[in-house]
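Read the structure below first, then the notes.
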Amino acid sequence: MSGKAYDAIVIGAGLHGLSAALHLARANARVVIVEKHWSGRHASGASAAGVRTLNRDRGELDLSLQAMGMWHAIAGLVGDDCGFHANGQICVAESPDALAKLDARVRGLRADGYTHEEMIGPDELRRLLPDLSPHCLGASIARRDGAADPHRTLRAFRAAALQAGAELVEHCGVAALQRRGSDWRVVGDDGRAWIAPCVVNAAGAWSARVAAMVGDVIPLSTKSSMMMVSERLRPFIKPVVSIMGRSLSFKQSDQGTLVIGGGLQGVPDLDRETSAVRMRVLSKGARAASDLFPAVRNVRIVRIWAGLEAKTDDMLPVVGPSPNAPGVFHAFGFSGHGFQLVPVVGAAIADLVRHGATGWAIQNLDARRLMRPQATGDRR
């Protein structure tokens, strides 16, 4: 079987793969998405859906700020607001040392011309969070930040990509990538094949294995971020809350449930495609939440889970062309903070596929920073 011809083949139907396919299809490219299971099976379906510029690493901050502009117009991109509410994200300081660290970051940002973060004192903090424990001293805030509904976002990007003309092949893994002249032949594990001059590797936690098929040896480990959801409560908090120096992400959904995470890790198994919750570790998140909001101490937790996602050595994603394989483009390794970047990374990848360059701020995310020199042939 030779394979059906396309302009681009996207491997992985998580949010980043769907976004890349959407932007490509909107530009009249013939696109097929090949997914081993179903859309959002792993990281995208287990996301806390934070839409955050607050405390972003400088290496991805400019890209994150570009993405935020897109989130504030997300309905125009995918036909749905994705449950996005820009109620701000707040990082709380519980000690003078923590407050000083937040203040130093905000001052450093301001010195470099960034104005999206600001410091707030106890009065403003309690106006925004009336139920907050009195021991908290202040916070940094990004007022245009917020959170979305992860499953609604998945449905919206999937529907928009398909409506734009992208094809989706689910329940078919990728067994091989083969060079055929100026094209790539992607072979499915059921024997089907697809041919295109360009391939987008958005395979999430398995992206390093796909990259290795084309000669890119990119170190990648796995995260298994844990989450818990409570029973429904009266509305009492609008911003997303974190703590300086502790693992916590705390928000209340539109349904009234509390969604509590913050990067506490379970046990991932990449080969079995499973992740296990570690209850003693997860309890640290519950303790942090109840320390900040004593009123939730006796709230019942009704659901817990852990996802599977890729983690790079420097915790920044890989977004850009393959160093060794012309026509292959990577979008993976978001290390637990990729949800907010979804619309802009898809746009950047589409630019690279169509034009070989992009104006979006991906300059710090090249794969070569993570690879050994001998693994970077740079045959573009």
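The values are calculated or read from the model by the stated rules, or taken from the named source; none is laboratory data. Since the model is a prediction, treat every value here as computed from it, not as a measurement. Heads up, the Cβs are rebuilt from the backbone with ideal geometry, glycines too, and the neighbour counts pull from every protein chain shown. Ligands, DNA and RNA are excluded from the accessible area calculation, which covers all protein heavy atoms including side chains. Shrake-Rupley method; radii C 1.70, N 1.55, O 1.52, S 1.80 Å.
List of remarks:
- The helices (runs of 4 or more DSSP H) located wholly in region 110-229 that include 2 or more residues which are touching a residue at least 24 places away in the same chain (Cβ under 8 Å), under 27 Å from MET70 (Cα atoms) and open to solvent by 50 Å² or more (accessible area, probe 1.4 Å) occupy 150-163.
- The set of residues in region 287-333 being over 24 Å from ILE362 (Cβ atoms) and of a type in the set (Ser, Thr, Tyr) consists of SER290 alone.
- Residues located in region 266-307, provided they are open to solvent by 70 Å² or more (accessible area, probe 1.4 Å) and either in contact with a His (Cβ under 9 Å, 6 or more places away or on another chain) or in contact (Cβ under 8 Å) with a residue 40 or more places away in the chain (or both): VAL267, ARG278, ALA295, ARG300, ILE301, VAL302, ARG303
Conditions tested, residue by residue: (1) open to solvent by less than 20 Å² (accessible area, probe 1.4 Å); (2) at pLDDT 95 or above; (3) not aliphatic (A, V, I, L, M).
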| residue | (1), (2), (3) |
| --- | --- |
| GLU309 | no, no, yes |
| VAL344 | yes, yes, no |
| ASN364 | no, yes, yes |
| ASP378 | no, no, yes |
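- Residues located in region 230-245, provided they are charged (D, E, K, R) and either free of Cβ contacts under 8 Å to residues at least 60 places away in the same chain or under 22 Å from PHE334 (Cβ atoms) (or both): ARG232, ARG234
- Qualifying residue in region 30-51 (condition: over 30 Å from ARG192 (Cα atoms), of a type in the set (Asp, Glu) and either part of a helix (DSSP H, G or I) or touching an Asp or Glu at 6+ places or on another chain (Cβ under 9 Å) (or both)): no
- Filtered by the rule that a residue be touching a strand residue (DSSP E or B) at 6+ places or on another chain (Cβ under 8 Å), of a type outside the set (A, V, I, L, M, F, W, C) and open to solvent by less than 30 Å² (accessible area, probe 1.4 Å), region 25-41 gives GLU35, SER39.
- Evaluation of ARG52 against the conditions (1) over 22 Å from GLY165 (Cβ atoms); (2) at pLDDT below 95; (3) open to solvent by 50 Å² or more (accessible area, probe 1.4 Å) shows that the sole unmet condition is (2).
- Any chance GLY285 is under 29 Å from ALA100 (Cβ atoms), part of a loop (DSSP other than H, G, I, E, B) and in contact with a strand residue (DSSP E or B) (Cβ under 6 Å, 6 or more places away or on another chain): no
- Qualifying residue in region 242-255 (condition: open to solvent by 40 Å² or more (accessible area, probe 1.4 Å), closer than 30 Å to VAL299 by Cα and hydrophobic (A, V, I, L, M, F, W, C)): yes
- Filtered residue count, region 302-342, keeping only those that are outside any strand (DSSP E or B) and over 10 Å from the mean Cα position of the chain (by Cα): 13
Each row is one residue, and each column tells you yes or no for (1) buried (at least 21 other Cβ atoms within 10 Å of the Cβ); (2) among the polar types (S, T, N, Q).
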site	(1), (2)
GLY3	no, no
LEU65	no, no
TRP71	yes, no
CYS91	yes, no
SER95	no, yes
LYS101	no, no
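- Enumeration of residues in region 106-146 that are within 19 Å of MET244 (Cα to Cα) and of a type in the set (A, V, I, L, M): VAL106, LEU109, MET119, ILE120, LEU125, LEU128, LEU129, LEU132, LEU137, ALA139, ILE141, ALA142
- Listed conditions (1) at pLDDT below 95; (2) within 17 Å of VAL174 (Cβ to Cβ) are all met by VAL10, apart from (1).
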